[in-house]
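Colleague: Once you've had a glance at the structure underneath, I'll fire off some questions.
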Amino acid sequence: MKRISLEETDSTNRYAKALTTHRGETVLVTAEFQTAGRGSGSNTWESQAGKNLTFSLMAHPTALPASRMFVISEVTSLALLDALSTLAEGFSIKWPNDVYHHDRKLLGMLIENDLSGKYVQRTIIGIGLNVNQTHFLSDAPNPVSLAQILGREVDRHQVMELFLDRFRQRWQQMEQGDFTQLHTHYLQHLYRRDTTARFLDAQGTFTGRIRDVEPSGHLVVESQGETRRYEFKEIKFII
Ligand code: BTN
């Protein structure tokens with residue numbers, strides 16, 4: 001894997017996207033600071049310089065149908081969970097691909113895929129993981145960092161290497177076509193699965209239970225005996 005370590009860039013996802021690489025090459029772009037780090041919505045990603053992990057991993061799946069691209073979210077969030085679970089308990093995956101510690105957000109992910117015909121030709125997996133930041137300025141409602149969870153400074157390099165190691169394993173599982181087990185594990189670690197919780201959709205707030213995530217990535221929520229399916233951004237969790 002090729003590694004590019006930047007002191008500063010606008011966004012590691014944007015930087016990775018502009019690289020010309022050949023098929024099969026995996027590239028990791030890390031930055032100490034992003035001047036315009038992008039969130040998964042219209043938001044920017046807050047990260048204090050030199051405190052956290054902000055990086056993008058560019059990789060080329062061998063034969064991943066575009067219709068199954070959600071498995072990249074599963075691979076990555078499971079790899080993060082595998083790595084983080086060696087440090088503490090209490091992590092879960094908040095659909096589609098945030099990692100939470102109890103009710104607080106530890107990391108966010110922005111995945112951008114390029115297609116070639118019916119296949120994913122290239123994926124750029126951007127991750128912002130709060131490591132040693134302890135004050136958050138943006139209006140993000142519930143951020144938390146590893147330092148806050150563990151009560152000590154954390155070695156960012158160690159967290160990165162742990163993640164990369166687990167990512168290689170989960171990626172291989174995907175390449176071998178073991179989608180069923182990846183999906184089972186993803187569901188097992190899903191935040192608020194099968195518990196009664198409050199949500200907000202276009203119709204307003206309601207009480208429901210997460211029942212499933214479809215291979216397409218749609219979230220299935222049951223409410224008053226009826227199931228509704230949602231695309232990303234069509235539903236909010238009330239925390
Ligand atoms: C979210 O809003 O939850 C997703 C945040 C993703 C942030 C990361 S930081 C590294 C990479 N580069 C970006 O511009 N965004 C992602």
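Colleague: So what is the relative contact order of the chain, in percent, for Cα pairs below 8 Å that sit 6 or more residues apart?
Modeller: On the way: 463 pairs, mean separation 40.7, N = 239.
It rounds to 17 percent for the chain.
Colleague: Hey, another quick one. If you take every DSSP beta bridge fully contained in the chain, what fraction is antiparallel? Give it as a percent rounded to 5.
Modeller: Details: 48 of 58 bridges.
Of all bridge pairs located within the chain, approximately 85 percent are antiparallel.
Colleague: Which order, highest average first, do 1-8, 163-170, 115-122 follow once you tally other Cβ atoms within 10 Å for each residue and take the mean per peptide?
Modeller: 163-170, 115-122, 1-8
Colleague: Let me ask you something else. Going through the DSSP H helices of the chain, which span 20 Å or more along their own axis at the Cα atoms while scoring at least -1.0 as a mean Kyte-Doolittle hydropathy? Mind showing how you got there, number by number?
Modeller: Values: long enough: 70-84 (21 Å, 1.68); 156-175 (28 Å, -1.27).
Taking the DSSP H segments of the chain (at least 20 Å long, mean hydropathy at least -1.0), we get 70-84.
Colleague: Just 131, 27, 99 to compare: in a GNM of the chain, with alpha carbon springs under 10 Å, which one fluctuates most?
Modeller: Looking only at 131, 27, 99, the biggest GNM fluctuation is shown by 27.
Colleague: State, to one decimal in nm, how far the label point of residue 35 lies from the label point of residue 207, with both points 7 Å from Cα in the Cβ direction.
Modeller: Between residue 35 and residue 207, the label points sit 5.1 nm apart.
Colleague: I need the calculated FRET efficiency for the pair residue 18 and residue 62, taking r as the beta carbon distance and R₀ as 25 Å, to the nearest 0.05.
Modeller: About 0.60, to the nearest 0.05.
Colleague: Could I ask something else about it? Quick one: net charge around residue 63, please, counting Lys, Arg +1 and Asp, Glu -1 for every other residue with C-beta under 13 Å from its C-beta. The partial results should precede the final answer.
Modeller: Numbers: positive: 23, 68, 118; negative: 175.
Result for the neighbourhood of residue 63: +2.
Colleague: Work out from phi, with θ = phi - 60° and the Karplus expression 6.51 cos²θ - 1.76 cosθ + 1.60, the ³J(HN,Hα) of each residue of segment 121-138, listed in order in whole Hz, and give x for Gly and Pro.
Modeller: With the stated coefficients, segment 121-138 comes to 8, 8, 10, 10, 9, x, 10, x, 10, 6, 10, 10, 6, 10, 10, 10, 9, 6 Hz.
Colleague: Considering only protein heavy atoms and a probe of 1.4 Å, how much of the accessible area of the chain is carbon and sulfur, as a whole percent?
Modeller: 47
Colleague: Among 105/233; 51/105; 17/118; 17/105; 51/233, which pairs are too far apart, with a Cα-Cα distance over 24 Å?
Modeller: 17/105; 51/233
The values are calculated or read from the model by the stated rules, or taken from the named source; none is laboratory data. If you're wondering where the values come from, they're calculated on a predicted model, not measured in any experiment. Cβ sites come from the backbone with ideal geometry, for glycine too, and all protein chains shown count toward neighbours. Quick note on the areas: whole protein, heavy atoms, side chains included, nothing else; ligands and nucleic acids left out. Shrake-Rupley method; radii C 1.70, N 1.55, O 1.52, S 1.80 Å.
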